[in-house]
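Report on one structure; see the data block that follows.
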Amino acid sequence: MAGKGFVEYVCSKIIYDFNFGYAGTLVIHITSFVVLQPTLDTSLPTSLSQSGGYNLPPCNILNLCGFRVLFDCPLDLSALTIFSPLSTSLYEDLHQHMPLMGQQEQTKKLLDKNNLIPVEPYYKTVEGLHLWNVSLIDVVLISSPMGMLGLPFLTRAEGFSAKIYATEVTARLGQFMMEDLVAMHMEFKQFYGPQETNFLKMFNWEELEALPPALKKIVLGKDGTELGSWMPLYSAADVKDCLRKVQTLKYAEEVCYNGTLLIKALSSGLEIGSCNWSLKGPKRNISYISSSVISSGTAMDFDFHSLQGSDVLIYSDFSSLNVASCVENENSVFADVTTNCSTKSDNTYTMELNSCSLLNFEESSEELEKLNFICLCSLDSVKAGGSVLIPIGRLGVVLQLLELFALHIESSGVKVPIFIISSVADELLAYTNILPEWVCKDRQEKMYSGKPVFAHEEFIKEKKIHVFPTIHSHELLMMWQEPCIVVCPHWSLRIGPTVHLLQRWHGDPNSLLILEEGLDSELALSPFKPLAMKVVECSFVSDLKLEKVPQLLKLLQPELILLPDYTKPYFIPSGESLPCLFYTENEAFRLPSSKNFSQLNIAADGASKLTFLKINEDLTISRLKGELFVHQGKHYLSAEEHAVFSEMRPLVHFGKVDLNSLSFALEKSGVKGSIEKVNIEDGHASNVLHVFEPASALIQVHETITVISTCDESLASLISDVVHSILNGI
């Protein structure tokens, strides 16, 4: 038995396998000595929600080294489309419908004329997250501002004490978005009053089942399990409290959680400040890839080189699979995946070629073409006397659009004001020009040459762009003119200035609405029908295209790849070339061990005094005594100051007791007995040795324990010595 604060082991070759979830510097007390063997690792990823595109990143929980790590905590803001926007329709008769029968008639009475729910909105969190005991979550990693919108629901929950990490920019942009969401929701509070209205209590289960199919799918989910995900929105105070608990990081800055997990944020290229994650523990190195883009017109490029050589790669987001074009080109995607699926390569030249091929894919140029198209369509509407409404929530897209609009307007000679309406717009735009280390190289070069990182700063000074906090602000009303171009929230078309402007322009065939693909436009636009204005739906890059994923995996060379199960049709045909496993939503998934042993670092003075005993060709053991602790993700053993080494300590014995050998050895010592077979409690037979001379004793041998029962202390001592004599000792 080791003394207080120290641990003694029988171990192999100074390489050990510890299957404990260490938390900081530990001291372990043990009462037995074992040869430690490799077992399954305790990494248990659980997918709480799959990707819903840019605005709804996936949410996963990973159990690593005994710590539960939550990746992202988004809100499904597309679910707001089931509610009625604040409009004159709320004052209209809700019962102007054709007569209905039974439960459907009762349900219809609770809906407005557009079959929407006319109450203060609730907000839909990640399915399954509300069922977790939040006190069991140890770490929360936020990959993007959109992945942060549900975080106040967690931080205000009783028992939540997890450490939250996000990049500096993600935390700030997430703050702007949450504060703006609270401000927009306040309009509902002012309309319905301060008392909370729970829309779920309006309906019994039969009425929920009788909802129109589009609403029922959103309210209950496809399996009817998502009703508990709806919650009233958090407050501004909740947002402030949440942000106080966030520890911000720079790109590639390494932090150590509890002395065990090394955590690092790496640029994903999707949005300014968005990141992927690298986690290194004593047994595993894990890379987590969220929505990523190789190159961007605003954000720093995807830092995939820093993710190379990990034990496990979790590729969580395949938003492109939700785009129809990807399905249409499925056959060509299959061909690309199956012909580029080798993950291991010793040829550096080949890796460099693959890297160049990956980087040559100009996603930013494709994005620029789409933005120019939007500008051209917008100017056509303005020339026809219509106005343009742009409720796009992507910061990078909006910043580039503002630059292009100003250039197109100047070159065309058309005079039209650009209004930006948001409670956080002024502060947000100012913030974007002080982020040189977070943006792409082209933007950084602008700063080094003395130019603004983004051109909107100059355009605001030149009065080409006007920024206002609310649509009812006096300054905006005094300056208002049509036609105009308005950039404002919210893309759900249920809250914010967008609702009021749609009510004003929806009947104008010359006006234009720009929507981002992914929203159910039929449901979103239903309150504004009949709709005469033109609608352009655009899909922007949200992740790496599927045909480029195998090239990326080949460069990263992970030992194991984890993919969502909906990607099986695209990766299973690749056969054995990709070491892929597939995880399912809301199911825990245990990973096989990637390393046989963990490494233990021993001080040189202690290691030099170790003596080894060779058991067989594969096993050599030695005894150690010292203080065991974990620091920066590594195990250390520091020797006791006045350690007693092997030659001075009593032997520790190990091995299996053979009753025949024991009986023979006892006989030599004058102890006589016989081996008998007896039935034990579980019904199985067991061999025991009955001793009848010089006194009565019973020796029971099990797999993990040997029990000597006798009333004679001297006989017990003699038998114990004989047992030790037939075992190995060190």
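The values are calculated or read from the model by the stated rules, or taken from the named source; none is laboratory data. Owing to the predicted nature of the structure, the values given are computational and were not obtained by experimental measurement. Cβ atoms come from the backbone with ideal geometry, glycine included; neighbour counts cover every protein chain shown.
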Can you name the number of the only condition in (1) within 28 Å of THR81 (Cα to Cα); (2) basic (Lys, Arg); (3) surrounded by 16 or more Cβ atoms within 10 Å (Cβ to Cβ) that LYS222 fails?
-> (3)
Do any residues in region 657-676 that are under 17 Å from ALA716 (Cβ atoms) and at pLDDT 80 or above have Cβ atoms under 6 Å from those of residues that are surrounded by fewer than 17 Cβ atoms within 10 Å (Cβ to Cβ) and acidic (Asp, Glu), where the two are at least six apart or on different chains, and which pairs are they?
-> LYS672/GLU693
Out of curiosity, is ASP543 out of contact with any His (no Cβ under 9 Å at 6 or more places or on another chain), within 26 Å of GLY309 (Cβ to Cβ) and crowded, with 18+ Cβ neighbours inside 10 Å?
-> yes
Region 425-451, subset touching a helix residue (DSSP H, G or I) at 6+ places or on another chain (Cβ under 6 Å) and not hydrophobic (A, V, I, L, M, F, W, C), residue modelled with the lowest pLDDT | PRO436
Single residue of LEU501, LEU519, LEU512, LEU546 found to be in contact with a Cys (Cβ under 9 Å, 6 or more places away or on another chain), under 25 Å from SER268 (Cβ atoms) and in contact (Cβ under 8 Å) with a residue 40 or more places away in the chain | LEU546
If you go through region 274-290 one residue at a time, how many are of a type in the set (Gly, Ala, Ser), surrounded by fewer than 24 Cβ atoms within 10 Å (Cβ to Cβ) and part of a loop (DSSP other than H, G, I, E, B)?
-> 0
Tally of residues being under 33 Å from the mean Cα position of the chain (by Cα) and among the acidic types (Asp, Glu) across region 190-213 = 2
In region 52-75, which residue that is under 18 Å from ILE392 (Cβ atoms) and under 11 Å from the mean Cα position of the chain (by Cα) is surrounded by the fewest Cβ atoms within 10 Å (Cβ to Cβ)?
-> PRO74
For GLU187, are the conditions met, namely being loosely packed, with under 14 Cβ neighbours inside 10 Å, in a helix (DSSP H, G or I) and not β-branched (Val, Ile, Thr)?
-> no
Looking only at region 321-328, decide whether some residue is part of a loop (DSSP other than H, G, I, E, B), out of contact with any strand residue (DSSP E or B) (no Cβ under 8 Å at 6 or more places or on another chain) and either modelled with pLDDT of 90 or more or loosely packed, with under 14 Cβ neighbours inside 10 Å (or both).
-> no
Considering only residues that are loosely packed, with under 15 Cβ neighbours inside 10 Å and within 21 Å of the chain's Cα centre (by Cα), look in region 588-612 and name the one that is modelled with the lowest pLDDT.
-> PRO592
Got a number for residues in region 119-170 being among the charged types (D, E, K, R) and under 22 Å from ILE263 (Cα atoms)?
-> 3
Within the bounds of region 169-183, is there any residue that is within 29 Å of LYS216 (Cα to Cα), without any contact (Cβ under 8 Å) to a residue 24 or more places away in the chain and of a type outside the set (Ser, Thr, Tyr)?
-> no
Quickly run through region 150-168 and pick out the residues that are in a loop (DSSP other than H, G, I, E, B) and out of contact with any Pro (no Cβ under 6 Å at 6 or more places or on another chain).
-> ARG156, ALA157, GLU158, GLY159, PHE160, SER161, ALA162
Quick check, is GLU537 modelled with pLDDT under 85 and of a type outside the set (Phe, Trp, Tyr)?
-> no
Any idea how many residues of region 372-401 are assigned to a loop (DSSP other than H, G, I, E, B), of a type in the set (A, V, I, L, M) and closer than 25 Å to LEU56 by Cβ?
-> 1
Condition check for VAL536: surrounded by fewer than 19 Cβ atoms within 10 Å (Cβ to Cβ), under 19 Å from GLN400 (Cβ atoms) and in contact with a helix residue (DSSP H, G or I) (Cβ under 7 Å, 6 or more places away or on another chain) = yes
Only unsatisfied item for SER316, checking (1) among the polar types (S, T, N, Q); (2) within 30 Å of VAL535 (Cβ to Cβ); (3) outside the structural domain of ILE418 (by TED's automatic domain parsing); (4) at pLDDT 80 or above, is (2)
Going by the structure shown, is PHE199 over 23 Å from ILE263 (Cβ atoms), modelled with pLDDT under 95 and touching a strand residue (DSSP E or B) at 6+ places or on another chain (Cβ under 6 Å)?
-> yes
Say we look at region 62-78 and pick out the residues that are under 24 Å from PRO282 (Cα atoms) and not in a loop (DSSP other than H, G, I, E, B); which of these is modelled with the lowest pLDDT?
-> LEU64
From the option list GLU640, GLU585, single residue qualifying as at pLDDT 75 or above, surrounded by 11 or more Cβ atoms within 10 Å (Cβ to Cβ) and of a type in the set (Asp, Glu) is GLU585
